[in-house]
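The values are calculated or read from the model by the stated rules, or taken from the named source; none is laboratory data. These numbers come from a predicted model, not from an experiment. A quick note on method: Cβ atoms are made from the backbone with ideal geometry, for glycine too, and the neighbour counts reach across all protein chains shown.
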Amino acid sequence: MEIRCWRICLIAVAALLTVGGSAQTVPLSERVVAYRIEGVYNPKTHTLDATEVLTYTNHTGATLDKFPFHLYLNAFQPKSTFMTEAERSGDRDVEKGSGWNDKHFGSNEVKSLEIVGSGDVTRQMKFVSPDDGNANDRTVFEIALPRPLPPNQSVQFRIHFVAKFPEVVARTGYKRDFLMAGQWFPKVGVWWNGAWNCHQFHALTEFFADFGTYDVKLTLPAKWNVGSTGVETGTKDNGNGTQTVSFHAEDVHDFAWTTDPTTKVVEDSIRLSHGTVKIRMLMQPGHMASSARYLNALKGTMRKFDEWIGPYPYAQITVVDPPHGGGAAGGMEYPTLITADTTWWMPKSVLEPEFVVEHEFGHQYWYGMVATNEFENAWMDEGINQYMEAKVMDALYGKATSNVNSRLATDGERGTDRMSYVPVADRDPLSRPAWLFMDGSSYGGITYAKTALMLLTLENLIGEKTVLHGLQVYFDRYKFKHPAPTDFTATMNDATGQNLDWYWKQAIYGTETLDDRILTASSERVDWYNKAEEKKGVTVYYNEVTVDRRGTFDLPVVLEAKFDDGSTVRERWDGKDRWHRFTWEHKAKLVSAEVDPDHGYLLDRDPFNNSWTATANRKASGKLAGYWTLLTQWLEQTLSWLA
Amino acid sequence: MINDRVRSSAGLVWRHQRIVWWIFAVNLLLAWLGSLPVLATLSTVLDHSLESAKLVTGFDIGTFVLLLERPDVSARSLAPGTVGAALIFLVYLLLIDGGVITVYLEDRKLSRAEFFENAGLFFWRMVRLALYSVIPFGLLAAADGGIAGFAGKLSSDAPQERLGFLVNVGSKLVLLLAALFVRLCFDLAQAQVVRDNERGLLRVLWGSLRLAFGSGILFAKYLGVGLFAAVTFAIGIGIWLYLPHSATGASLLVLELVTLTQIASRLWLKAVSARWIALLPLLPETVQEAPARAIEATDVLPE
């Protein structure tokens with residue numbers, strides 16, 4: 001009997017572990033929200049008719065008298081803030097000035113809203129536009145509570161809503177039978193820093209939500225493959241051509257799901273420090289050639305994060321491969337579910353499947369667990385994650401070849417980041433809210449690339465291991481929390497044992513740019529009045545190099561000078577002036593001089609003026625001009641088809 | 001039979017290879033002149049910079065793009081030289097077309113005076129024919145743009161993932177064949193104009209169109225030369241890809257050989273059409289106007 005009880009207990013614990021979608025039994029996060037959603041998906045109309053029961057527990061310490069909710073799918077309407085901004089400035093998936101396209105229509109319609117115990121409050125829903133006052137934007141609504149909610153008490157909302165998905169845009173929607181359901185349900189805002197934080201959906205913004213649990217039941221066509229945040233806990237065949245699939249997720253702050261009748265499921269697992277993680281990939285049949293590439297990149301990334309940052313505590317990671325034409329669903333992160341990106345013809349030399357999977361998995365840490373406010377501090381998830389992408393991709397695929405590796409040309413993560421950063425270097429500070437950036441180029445170049453380059457440059461100042469250690473400490477302190485920029489900088493200062501505020505001030509809060517250059521360099525005889533012939537190794541030269549600071553970003557400068565007797569010197573200047581002259585009296589002439597000889601100041605806008613050589617080397621200019629000549633010849637030939 | 005004729009046209013090009021070399025030399029010279037501002041600009045930035053090594057020992061895309069992002073090295077500011085060179089080359093070819101076609105029609109070496117006399121005599125007619133050719137080539141380009149847009153939509157929306165790609169590639173092949181056919185018509189017209197000193201260009205074009213439609217063998221010859229050009233181009237690019245990045249000289253030499261082959265192939269096409277026209281009987285109404293150096297038929301008439 002005892003043995004039987006023990007076995008039952010063991011089975012119950014095992015079931016809890018499996019059902020929970022997490023290897024933890026103790027909550028990892030302060031679970032503020034508990035969502036229970038049941039819905040029926042109609043693949044013909046691309047709509048989901050659902051009922052959501054949200055239990056909100058007030059851990060804020062304040063008494064709450066109103067609640068704001070996001071209705072993200074309402075962004076996909078002609079007069080919304082999202083679409084207006086996309087039309088005016090362009091978006092990842094909506095071309096600037098492309099006009100309204102009916103296929104982009106989407107909506108979240110709240111049919112009824114009830115506060116359990118207080119009755120129906122649907123009529124009291126009030127749409128608000130806290131960011132731009134756009135009265136036509138219906139992506140945020142507020143509801144006042146009939147009775148204020150004291151601290152540590154719970155309130156339950158029952159919401160009947162219909163989600164109409166657009167043809168895939170901004171990471172959500174359908175393409176033929178494929179559906180990627182992101183931001184599909186009414187989601188409560190976050191009480192953060194003493195106030196509700198619930199921004200409208202903008203063309204350049206992502207999301208922000210509280211941690212909690214999700215129990216979702218979806219009724220879909222039978223035999224369609226399904227993937228979701230968390231884990232699948234059961235499937236029931238309804239006998240009418242539909243199935244109802246149940247999911248559970250905990251200690252996550254969002255829930256996304258996908259379905260497609262044609263995907264092929266590839267399953268694998270990886271053993272990490274915290275235990276074994278199941279890998280589930282939903283692949284398009286025409287993309288199977290990329291499945292091994294996804295898998296290798298994912299496993300390599302998971303190992304590196306496990307080693308450098310911390311354990312992945314969830315039981316599963318799901319990778320969704322969107323179909324052709326559904327690229328707008330690709331390259332997106334949701335808790336324990338990421339979307340990848342490839343094509344049937346993806347060349348092996350282009351590592352797009354790899355870096356997309358790497359990047360999106362990285363978000364499990366920088367967004368998923370360290371859940372920063374993506375509206376206001378996008379650099380804290382996208383940027384820090386972009387830095388990690390550079391680190392991981394470099395480690396897995398080589399520093400110079402981590403993005404493109406062909407015989408014809410190569411490109412590394414650092415090169416790609418510099419390409420997008422340099423043209424927009426002084427447009428916006430990192431600290432700017434995402435929707436206030438000048439445009440998409442500036443948002444991408446600053447939020448992603450500048451942050452990565454800022455941290456890579458920091459490596460050169462305090463060491464690679466120190467920076468990684470700082471991030472590890474930051475992760476430990478703020479996993480399952482909502483840190484602000486000051487939490488990041490204070491933790492980095494603390495963990496590295498250095499006050500780096502002077503650096504953060506310029507790099508995060510300012511638009512300072514870095515461009516150090518060799519202004520002049522020369523070697524003159526000390527006895528310049530002497531008419532005797534110069535003798536190598538005997539004649540003493542006055543060698544000087546003037547370094548000029550063209551940018552406004554103050555950083556200490558290291559200069560390396562090489563002489564024609566084979567000697568090399570490295571000297572340091574604190575960088576606290578507009579220029580500095582380095583001088584040496586030496587029985588040798590300068591051969592070359594270079595600022596930042598370790599090539600670590602990746603924030604430098606112009607690497608070409610960082611060095612000087614006494615002798616001209618025309619190989620590069622000759623090569624490029626030669627190819628330019630050849631291209632001109634071919635253009636001539638093409639035009640001559642008219643003669 | 002086709003092979004014989006293609007070979008005999010190739011023989012024409014080979015025997016008068018001076019034309020190939022001259023055209024190649026002018027092509028190269030103009031391109032070089034057009035690229036001098038590029039060399040000067042790049043030299044200022046790269047010749048004394050250690051960073052330039054990344055572009056010698058390999059081709060680092062990031063370094064190259066950063067180079068182009070410098071305000072003093074923008075591709076837009078360097079393009080005028082290239083476009084200018086291309087336009088001058090086109091005018092040069094139109095200028096010598098009359099002389100070149102005469103050489104291929106008569107299969108003899110012309111004196112410099114004879115060559116340029118013919119060149120000058122037919123220059124404006126060649127220009128007019130070139131302008132006429134803009135219409136069908138423009139239509140083909142527009143069709144290509146339209147089909148590419150449609151194919152792009154198919155790539156996104158069609159259930160079959162590769163359908164858009166196949167439509168795009170298939171349509172491009174068809175349009176290339178159409179472009180080759182248009183070129184054949186205009187080459188025949190050029191040859192006819194030169195042989196018969198014909199001034200009614202539209203009438204000649206209409207006759208050329210009928211001739212091109214009626215001579216499958218002639219188009220097959222064009223196709224053969226076109227395939228030769230494509231294959232040699234592919235081989236050249238293949239060799240170039242396997243050369244190390246630092247072997248700039250060898251790389252450029254291979255690509256110049258590719259260019260030379262393309263120029264020779266284009267002249268081969270002209271020789272094919274000129275030879276075809278040379279073997280046609282003179283039209284009764286043009287016999288009277290035909291210049292004294294009218295061609296004697298030396299081969300069987302085309303079937």
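General remarks:
- Within the set B:Lys153, B:Lys172, the sole residue that is surrounded by fewer than 16 Cβ atoms within 10 Å (Cβ to Cβ), of a type in the set (Lys, Arg), more than 10 Å from chain A (Cβ to nearest Cβ) and touching a helix residue (DSSP H, G or I) at 6+ places or on another chain (Cβ under 8 Å) turns out to be B:Lys172.
Conditions tested, residue by residue: (1) over 28 Å from B:Arg76 (Cβ atoms); (2) outside any helix (DSSP H, G or I); (3) of a type in the set (A, V, I, L, M).
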position: A:Tyr529; (1), (2), (3): yes, yes, no
position: A:Glu533; (1), (2), (3): yes, yes, no
position: A:Thr539; (1), (2), (3): yes, yes, no
position: A:Val547; (1), (2), (3): yes, yes, yes
position: A:Glu571; (1), (2), (3): yes, yes, no
position: A:Phe582; (1), (2), (3): yes, yes, no
position: A:Glu594; (1), (2), (3): yes, yes, no
position: A:Asn609; (1), (2), (3): no, no, no
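- The set of residues in the range A:239-282 that are in contact with a Pro (Cβ under 9 Å, 6 or more places away or on another chain), away from chain B (no Cβ under 14 Å), surrounded by fewer than 18 Cβ atoms within 10 Å (Cβ to Cβ) and assigned to a loop (DSSP other than H, G, I, E, B) comprises A:Gly241, A:Ser273, A:His274.
- Within the range A:283-328, the residues that satisfy the criterion of being within 14 Å of chain B (Cβ to nearest Cβ) and either touching a Lys or Arg at 6+ places or on another chain (Cβ under 7 Å) or not in a helix (DSSP H, G or I) (or both) are A:Met283, A:Gln284, A:Pro285, A:Met288, A:Asp321, A:Pro322, A:Pro323, A:His324, A:Gly325, A:Gly326, A:Ala328.
- Which listed residue, of A:Lys587, A:Lys576, A:Lys619, is more than 8 Å from chain B (Cβ to nearest Cβ), among the charged types (D, E, K, R), surrounded by fewer than 18 Cβ atoms within 10 Å (Cβ to Cβ) and more than 38 Å from the chain's Cα centre (by Cα): A:Lys587
- Some residue of the range A:115-135 being assigned by TED's automatic domain parsing to the domain that holds A:Glu38, farther than 27 Å from A:Ala329 by Cβ, assigned to a helix (DSSP H, G or I) and not hydroxyl-bearing (Ser, Thr, Tyr): yes
- Counted residues, the range A:596-607 - those being facing chain B (nearest Cβ under 7 Å) and outside any loop (DSSP other than H, G, I, E, B): 1
- Looking across A:Ser98, A:Ser89, A:Ser129, one residue alone is surrounded by 14 or more Cβ atoms within 10 Å (Cβ to Cβ), among the hydroxyl-bearing types (Ser, Thr, Tyr) and modelled with pLDDT under 95. It is A:Ser89.
- Within the range A:136-162, the set of residues being under 17 Å from A:Trp191 (Cα atoms) and part of a loop (DSSP other than H, G, I, E, B) comprises A:Pro150, A:Pro151, A:Asn152, A:Gln153.
- Helices (runs of 4 or more DSSP H) fully within the range B:1-98 counting 3 or more residues that are at the interface with chain A (Cβ under 9 Å from one of its Cβ atoms): B:17-46, B:61-69
- Selection within the range A:329-362 - more than 25 Å from A:Asp306 (Cα to Cα) and part of a loop (DSSP other than H, G, I, E, B): A:Thr342, A:Thr343, A:Trp344, A:Trp345, A:Met346, A:Pro347, A:Lys348, A:Ser349
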